[in-house]
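Student: Mind looking over this structure? Questions follow.
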Amino acid sequence: MVQAVRFEVLGPVRVASGAQPCGVSGRVRLGLLSLLLARANAPVAAESLVEALWPGHDEDDGARRLHTNVHKLRRALGEPDRLSFGPGGYRVRVERGELDAERFERLLGHAADTDDPRSRTGLLREALGLWRGDPFQGIDLPALAGEAQRLAELRLIATEDLYAAELQGGRTGTAVAELSELVGRYPLRERLQALLMTALHRSGRQADALAVFHRARQVLVEELGVEPGAELRRAQRAVLDGDETATAASPPPHAPRPAQLPSPPADFIGRRFELAALDRISASGAESPRVAAVVGTAGVGKTALVTRWAQGARERFPDGQLHIDLHGFSPNDPVRTADALGSFLRGLGVPGEAIPPDLDGRVTRFRTLTDGRRLLVVLDNASTVEQIRPLLPGTSSCFTLITSRSPLDGLVAGEGAHRIDLDPMPRYDARALLSTRTGRPDEPDHEQADQLIAHCAGLPLALRVAAERIRSRRSRDIASLVAELDVEHDRLDLLDTGDERTSIRAVLSWSYRQLSPEAARLFRFCGFHCMHPRHHVDAHAAAALLGDTDARQARRLLDELVRYRLLDEVHSGRYRMHDLLRTYATDLADRHEHRAAGQGRLLDHYLGGATHAAAFLDPREAVLRTRDTAGTPPAEVDGREPALHWLDAELPNLVCAAERALELGRPTCTVDFSTTLWSYLDRYGYFDESRRLHTLACTAARQLDDRTAEGIAVRALGVLEYRLERHVESEALLQHSLALHDSEADAALRATTRSCLAAVHAAIGRTDTPAQTS
């Protein structure tokens, strides 16, 4: 039976298994555990851990130390699989309820959703009861300072919420003494000052309450140079007016409650992890303004996700919900920020004539009206950070939710926004959506459904359009639509609804129109690049497509395409686009670009790179039979290991380039790919790629009527069969290769082939082979 492990990180870091403490000790291992728990269930890069634990140390030495301490920590935890290593780094697994910090924040979220002050008091006391000491007490690591500060701030907010709930429930006597002590420790916390004033006022001590205000104002002016904020002023006004019913931190009376959210899709399916992430972020209780951005490519379902979550969470925002479509990516012009603020101010009850005419005035009025209110602000379809920033409330009581095709890096860096990258639907959710939309919940043919999902790139919008086409047909047959979508040039036409907001070609065009002319040209050329799942373009290939040798400029253009979600960076420096985007790019390129020119440049790039890399592995084989390639060798390939890395990464592209060379009428290039790469493919066991490439080379050699080239390709196929222990087939191919090497110039080739044939005969135990085999 596996015992539960409890992780406690709010006070001194301790790890316990059941009721008995585990032996996690030592400054380094406690620090390592703390760093991992601060990002529980998420990978932490090994390099980050090394730098945090041993700053300035030699990289190799730090890696060895980390490996040793991870091993010891696994033993101390008692469950080795708790601490695992994956693509993103080390990850500690923590179940729900095991991490005190997570339990604390979850209780805060429940308290925020509770209207009854007695229940809210109980939840907050339970949350605060989890604390023992300070966050990460006794662990002096700068990398933990931010998380420690965040937890400490949440603790103060929870304390303030607790006394606000107790005052709301009628408890004032003991609150005065406790709040007085807290105000002495945190004299700059205006909310604590306002709560103390409220408690004194309700205890009949109006003079003392006003004295608290004057002392607080004096400290704020002397220490920060600012006057008291709205919350403290409201508390003063309540004392002066003799209003004992006013509650600290309550919004102004009679404020309008906007309800502007649109309806979510009736058939919303899936996105469980993203919905849970929004729940977690919205309940974080941070004092700084809370902002989340859902970003992703066109048609991936950002708006559907946000409206679904917002409608389900509207009760958490009793002061209302504001919503606006900013038209950042749409057939309309983007909404001016000043106009968006004007709409929000009207929703908050400001008459048209009282709305300030200038942007700064509207920003100030908006932030004043939202101060202290629990509002949800939804900014849909935003284009830039500059469009968004003035629309953010300045208070942590509001939650702002944004959708955009842009990654909004500046908002994440500058405002601390939480970004949720929305990917295409998983296959099981996409199947469920198709079944629901087509009216065929018992659809048995998963293969046809999966083909349709692939043609739609897993995008919910495209799947809905496709499902509607199926519904409109009498047979409701998926197979017939799949067959039509197999024809790439017809794909976007079949997904056209006649509506600019739902037709796939139109929706994709809104991102394309945002591009600079150079990035738009690269996007079009990417439609000519092979886009099989493992075939990725890098900056050098992009430069070749453009006819440019500047890989740095190409990389900037690729980053621009990623920024507008027209490419995905699947690995560091390697990019691909999904099928619908590729179809759209090809559709544009066929009208604007010369297909053969771009593909020819790319072909030269790959052949030049393959020859350059192969020369580091086997110089005798890296000899081109053609001299018409002008490809520039990749600069980073300057030795055996970089050459192997480049060939491994580019192999899918190289094989497809050989096939494309035949289509472009350059069979000699196909032969060259085969002769250049055969030693590498044979040595490292790429058997499937070998068969495809050398078979293509045989076809190309026959087109050229080049018996020597055909003999080399046939020999390579014979060696492949030998590797697979298919000796009969291998012998036949090698004998055929000898027959093709019938010129005097082929003497060396005949000798090599005879050597291969001898290896086959030795493998099958033949000793009666004639000395001359030709």
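The values are calculated or read from the model by the stated rules, or taken from the named source; none is laboratory data. Please read all numbers here as calculations on a predicted model, not as lab measurements. No Cβ is skipped: glycine too gets one built from the backbone with ideal geometry, and neighbour counts run over all protein chains shown.
Student: What number of residues within region 698-744 are among the basic types (Lys, Arg), free of Cβ contacts under 8 Å to residues at least 24 places away in the same chain and within 21 Å of Arg683 (Cα to Cα)?
Tutor: Of the residues in that region, 1 qualify.
Student: Being outside any helix (DSSP H, G or I) and either surrounded by fewer than 22 Cβ atoms within 10 Å (Cβ to Cβ) or assigned by TED's automatic domain parsing to the domain that holds Arg640 (or both), is that true of even one residue in region 753-760?
Tutor: No: region 753-760 contains no residue that is outside any helix (DSSP H, G or I) and either surrounded by fewer than 22 Cβ atoms within 10 Å (Cβ to Cβ) or assigned by TED's automatic domain parsing to the domain that holds Arg640 (or both).
Student: Taking region 185-207, which residues are hydrophobic (A, V, I, L, M, F, W, C), in contact (Cβ under 8 Å) with a residue 12 or more places away in the chain and more than 20 Å from Arg171 (Cβ to Cβ)?
Tutor: Leu188
Student: Might you check whether a residue that is under 23 Å from Arg501 (Cβ atoms) and either in a helix (DSSP H, G or I) or hydrophobic (A, V, I, L, M, F, W, C) (or both) occurs anywhere in region 442-450?
Tutor: no
Student: Within region 672-686, track down each residue that is surrounded by fewer than 21 Cβ atoms within 10 Å (Cβ to Cβ) and either in contact with a Leu (Cβ under 6 Å, 6 or more places away or on another chain) or farther than 18 Å from Glu659 by Cβ (or both).
Tutor: Those that are surrounded by fewer than 21 Cβ atoms within 10 Å (Cβ to Cβ) and either in contact with a Leu (Cβ under 6 Å, 6 or more places away or on another chain) or farther than 18 Å from Glu659 by Cβ (or both): Ser679, Asp682, Arg683, Tyr684, Gly685.
Student: Considering only residues of region 519-537 that are surrounded by fewer than 22 Cβ atoms within 10 Å (Cβ to Cβ) and farther than 20 Å from Asp587 by Cβ, which is modelled with the lowest pLDDT?
Tutor: Pro533
Student: Quick check on Arg660: is it basic (Lys, Arg), modelled with pLDDT of 90 or more and either assigned by TED's automatic domain parsing to the domain that holds Tyr606 or more than 22 Å from His761 (Cβ to Cβ) (or both)?
Tutor: no
Student: I've got another one for you. Can you find, within region 227-268, the residue that is surrounded by the most Cβ atoms within 10 Å (Cβ to Cβ) among those that are modelled with pLDDT under 65 and among the hydrophobic types (A, V, I, L, M, F, W, C)?
Tutor: Ranking the candidates gives Ala248 first.
Student: Is it the case that some residue within region 130-145 is under 22 Å from Ser397 (Cβ atoms), in contact with a helix residue (DSSP H, G or I) (Cβ under 7 Å, 6 or more places away or on another chain) and not hydroxyl-bearing (Ser, Thr, Tyr)?
Tutor: No, region 130-145 contains no residue that is under 22 Å from Ser397 (Cβ atoms), in contact with a helix residue (DSSP H, G or I) (Cβ under 7 Å, 6 or more places away or on another chain) and not hydroxyl-bearing (Ser, Thr, Tyr).
Condition check ((1) touching a residue at least 12 places away in the same chain (Cβ under 8 Å); (2) under 18 Å from Arg316 (Cα atoms); (3) of a type in the set (A, V, I, L, M)) across all residues:
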residue: Val92; (1), (2), (3): yes, no, yes
residue: Asp100; (1), (2), (3): yes, no, no
residue: Leu108; (1), (2), (3): yes, yes, yes
residue: Ala111; (1), (2), (3): yes, yes, yes
residue: Thr114; (1), (2), (3): no, yes, no
residue: Leu124; (1), (2), (3): yes, yes, yes
residue: Leu128; (1), (2), (3): yes, no, yes
residue: Gly133; (1), (2), (3): yes, no, no
residue: Ile139; (1), (2), (3): yes, no, yes
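Student: Is it the case, given these coordinates, that Asp81 is among the acidic types (Asp, Glu), surrounded by fewer than 19 Cβ atoms within 10 Å (Cβ to Cβ) and more than 26 Å from the chain's Cα centre (by Cα)?
Tutor: No.
Student: Scan region 461-470 and give yes if some residue there is touching a strand residue (DSSP E or B) at 6+ places or on another chain (Cβ under 8 Å), aliphatic (A, V, I, L, M) and modelled with pLDDT of 85 or more, otherwise no.
Tutor: no
Student: Now, a different point. For region 545-553, check the following and say yes or no: at least one residue is surrounded by fewer than 23 Cβ atoms within 10 Å (Cβ to Cβ) and either polar (S, T, N, Q) or assigned by TED's automatic domain parsing to the domain that holds Ala610 (or both).
Tutor: Scanning region 545-553 turns up at least one residue that is surrounded by fewer than 23 Cβ atoms within 10 Å (Cβ to Cβ) and either polar (S, T, N, Q) or assigned by TED's automatic domain parsing to the domain that holds Ala610 (or both).
Student: Would you check which residues across region 360-383 are surrounded by fewer than 17 Cβ atoms within 10 Å (Cβ to Cβ) and either polar (S, T, N, Q) or more than 19 Å from Thr395 (Cα to Cα) (or both) and list them?
Tutor: Matches in region 360-383: Thr364, Thr368.
Student: Right, something else. Do you know which of the residues in region 28-66 that are surrounded by fewer than 13 Cβ atoms within 10 Å (Cβ to Cβ) and within 29 Å of the chain's Cα centre (by Cα) is farthest from Arg280 (Cα to Cα)?
Tutor: It comes out as Glu59.
Student: While we're here: Can you give me the number of residues within region 543-579 that are under 25 Å from Val385 (Cα atoms) and not in a loop (DSSP other than H, G, I, E, B)?
Tutor: Total meeting the criteria: 15.
Student: So, of the residues in region 564-585 that are under 12 Å from the mean Cα position of the chain (by Cα) and of a type in the set (D, E, K, R), which turns out to be surrounded by the fewest Cβ atoms within 10 Å (Cβ to Cβ)?
Tutor: Result: Glu569.
Student: Identify the single condition in (1) free of Cβ contacts under 8 Å to residues at least 60 places away in the same chain; (2) in contact with an Asp or Glu (Cβ under 8 Å, 6 or more places away or on another chain) that Ala40 does not satisfy, given that it satisfies every other one.
Tutor: Ala40 satisfies every listed condition except (1).
Student: Only one of (1) within 22 Å of Gly547 (Cβ to Cβ); (2) in a helix (DSSP H, G or I); (3) at pLDDT below 85 fails for Ala610. Which number is that?
Tutor: Only one criterion in (1) within 22 Å of Gly547 (Cβ to Cβ); (2) in a helix (DSSP H, G or I); (3) at pLDDT below 85 is unmet by Ala610, namely (3).
Student: Follow-up question, since we're still on this one. Taking Arg766, is it part of a helix (DSSP H, G or I), basic (Lys, Arg) and surrounded by fewer than 16 Cβ atoms within 10 Å (Cβ to Cβ)?
Tutor: No.
Student: Considering only residues that are over 18 Å from Ile324 (Cα atoms) and touching a strand residue (DSSP E or B) at 6+ places or on another chain (Cβ under 8 Å), which ones fall in region 396-407?
Tutor: Ser396, Pro407
Student: Let me ask something else about it. Looking at region 84-97, can you tell me whether even one residue there is among the β-branched types (Val, Ile, Thr), in the same structural domain as Leu154 (by TED's automatic domain parsing) and either assigned to a helix (DSSP H, G or I) or within 19 Å of Asp140 (Cβ to Cβ) (or both)?
Tutor: No: zero hits.
Student: Quick one: which of Val350, Val385, Val335, Val378 is without any contact (Cβ under 8 Å) to a residue 60 or more places away in the chain, under 24 Å from Thr502 (Cα atoms) and aliphatic (A, V, I, L, M)?
Tutor: Selected residue: Val335, the only one of Val350, Val385, Val335, Val378 that is without any contact (Cβ under 8 Å) to a residue 60 or more places away in the chain, under 24 Å from Thr502 (Cα atoms) and aliphatic (A, V, I, L, M).
Student: For region 634-654, which residues satisfy the criterion of being at pLDDT 85 or above, buried (at least 20 other Cβ atoms within 10 Å of the Cβ) and not aromatic (Phe, Trp, Tyr)?
Tutor: Ala643, Leu647, Glu650, Leu651, Asn653, Leu654
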